[in-house]
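The block underneath contains the structure these notes are about, expressed in structure tokens.
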Amino acid sequence: MERIRELIIQGKEIVAIDYSNLKEAGMIALAIEVKTFIMKTDVPKLIINSFRNTYITPAYVRHMESESVAIKSLISRNALIGLNTPKMMILKGFNLLLGTDFRAFATEREAIEYLIGEPVVEELKPIFNS
């Protein structure tokens, strides 16, 4: 299963990142891959992430804090799904600390509509399997 994919929805390119079901080491390894992927071009990206069935550890948060600075300018909008209340609190702290505006959504459709800035009018197939 590819954990980093590019999708085209209503003419807009979106990077889909699937952290679902990963443990700490896998999440950090994927975050390293994501940084490399994002830095391949200097074009700001629309990003959707799935954090279903994950546990956000202090080591993962520290890694993201230190590594996100390098790619912050390359993230136009970042939508996250699969966040429970503790994960939303971590996201709020992350946004405050780093000055980002990453947003959590209950559904993929809501996240995509935020990313593209308009209602989804085409058929939207599930992005993440889990």
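The values are calculated or read from the model by the stated rules, or taken from the named source; none is laboratory data. Predicted model, so just to flag it, every value in this text is computed and none were measured. Accessible surface areas use protein heavy atoms only, side chains included; no ligands, DNA or RNA. Shrake-Rupley method; radii C 1.70, N 1.55, O 1.52, S 1.80 Å.
A few points about this structure:
- Extension gain, Lys125 to Glu65: 0.36 nm times the residue separation minus the Cα-Cα distance gives 18.4 nm.
- In plain terms, the chain from Lys92 to Ala106 could stretch by 3.5 nm, reckoned as 0.36 nm per residue minus the Cα-Cα distance.
- Long-range amide H partners of Ala104 with built H, under 5 Å: Leu80
- Taken per residue, the accessible surface of the chain reaches 55 Å², heavy atoms only and a 1.4 Å probe.
- All distinct Cα pairs of region 1-56 go into the 1/r average, and the inverse of that average, the Kirkwood radius, is 12.0 Å.
- In sequence order, calculated HN-Hα J values of region 55-65 (Karplus, 6.51, -1.76, 1.60; Hz; x Gly/Pro): 10, 7, 8, x, 5, 5, 4, 4, 4, 5, 4
- Remark: relative contact order (the chain) = 24 percent; criterion is Cα-Cα distance under 8 angstrom and separation of 6 or more residues.
- Relative contact order (%) - criterion: Cα under 8 Å, at least six apart; region: region 1-51: 43
- The phi torsions of region 36-48, fed into the Karplus equation with coefficients 6.51, -1.76 and 1.60 and a -60° offset, translate into couplings of 4, 4, 5, 7, 4, 10, 9, 8, x, 10, 9, 10, 10 Hz, rounded to whole numbers, with Gly and Pro shown as x.
- Less than 5 angstrom separates the built amide H of Ile9 from those of Ile14, all sequence-distant by 5 or more or on a different chain.
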